[in-house]
Amino acid sequence: MKIATFNINNINRRLPNLLAWMRTAKPDVVALQELKASDGEFPAAAIEKSGYGAVWCGQKTWNGVAILARNAEPVLTRDRLPGKPADHEARYIEAAVRGVIVTSIYLPNGNPQPGPKFDYKLDWFARLKRHARTLIKQDLPVVLAGDYNVAPDEIDIYPTRSWDKDALIQPKSRAAFASLVAQGWCDAIRELHPEKRIYTFWDYKRNRWPRDAGLRLDHLLLSPALVSRLAKAGVDKKVRGEEGASDHAPAWVVLR
């Protein structure tokens, strides 16, 4: 079972890129972030025609998350992160696909920091950790997939000092991610590639893609019930170099 996460950065603008990648990579489940489309603007017909069922939570202009399943209909289990009913940003969706709970997470960026946007990031992270702990306690097969907007360690960002003040690599951001993993989650890519520099995001600015000046922001965390099934994990890096590409590339795991 191949499960991928992909920050598509505007699903309608990059729909040809998405469909071409799915035809080639054939993921069984895809968690999408940054749809940048309202519910009514989601390209449901095109997704269905490509052989995928879908559930989504859209938001006009910003945010938006979805879960796609090949030759199956995802069963929606949650379309908001619990803990703050007044938060209406479309950043979390959760569905069951072939016996596995899969999320699509679009964690707040947090910039500029310090400030209210960074506070919101940390608060959202705290809510995610509370919900994740509940899933762990239920001993469910879960993949927490998504764009976490955190490069967890120095190996997850190209050698540079230019991001030192960015929310993506702040000690508090990294500590929040580490404490989430410490609940018992397995960072699948790092588990199989402990010392390899692997990136999932290359900013459009400053020639970062040609220079391979990337960050690993997109993660797939496996619950203890799935760790023994982990067979492969990687990033489809070449997708980032295609015409009209998102600034992210798909990250994926294969479960036995």
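Listed values, structure above:
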item: Rounded to whole Hz, the Karplus (6.51, -1.76, 1.60) HN-Hα couplings of the stretch 172-185, x for glycine and proline; result: 5, 5, 5, 5, 5, 5, 4, 6, 5, 4, 5, 5, x, 7
item: For the stretch 140-146, Karplus couplings with θ = phi - 60° (6.51, -1.76, 1.60), whole Hz, Gly/Pro x; result: 8, x, 10, 10, 8, 9, x
item: Placed amide H near ARG78: partners under 5 Å, 5+ positions off or other chain; result: GLU94
item: Dipole in debye (nearest 20) - the chain, about Cα centre, beta carbon charges: Lys, Arg +1; Asp, Glu -1; result: 240 debye
item: Total formal charge among the other residues, if their Cβ is under 15 angstrom from that of GLN170, Lys/Arg +1 and Asp/Glu -1; result: -1
item: Length-normalised contact order for the chain - Cα pairs under 8 Å, 6+ apart - percent; result: 19 percent
item: Amide hydrogen neighbours beyond the local backbone of GLU89, cut-off 5 Å, H modeled; result: none
item: Environment charge at ASP147 (Cβ cut-off 10 Å; Lys +1, Arg +1, Asp -1, Glu -1); result: -1
item: ³J(HN,Hα) computed for each position of the stretch 206-217 - Karplus, 6.51 cos²θ - 1.76 cosθ + 1.60, integer Hz, glycine/proline x; result: 6, 6, 6, 5, x, 8, 6, 8, x, 9, 9, 10
item: DSSP beta bridge pairing in the chain, given as percent antiparallel to the nearest 5; result: 80 percent
item: Around ASN111: net Lys/Arg minus Asp/Glu count, Cβ-Cβ under 10 Å; result: +2
item: Coil-residue GluC sites (Glu not before Pro) of the stretch 182-256, DSSP, other Cβ within 10 Å capped at 11; result: GLU195, GLU243
item: Helix-derived mean residue ellipticity, 222 nm - over the chain, DSSP H n ≥ 4, -39500 (n - 2.57), to 500; result: -6500 deg cm²/dmol
item: Sites excluded, chymotrypsin sites (Phe, Trp or Tyr not before Pro) in DSSP loops with at most 15 other C-beta within 10 Å, longest stretch of the chain; result: 63-203
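Values quoted throughout were computed directly from the atomic coordinates according to the rules given, and no laboratory measurement underlies them. Owing to the predicted nature of the structure, the values given are computational and were not obtained by experimental measurement. A quick note on method: Cβ atoms are made from the backbone with ideal geometry, for glycine too, and the neighbour counts reach across all protein chains shown.
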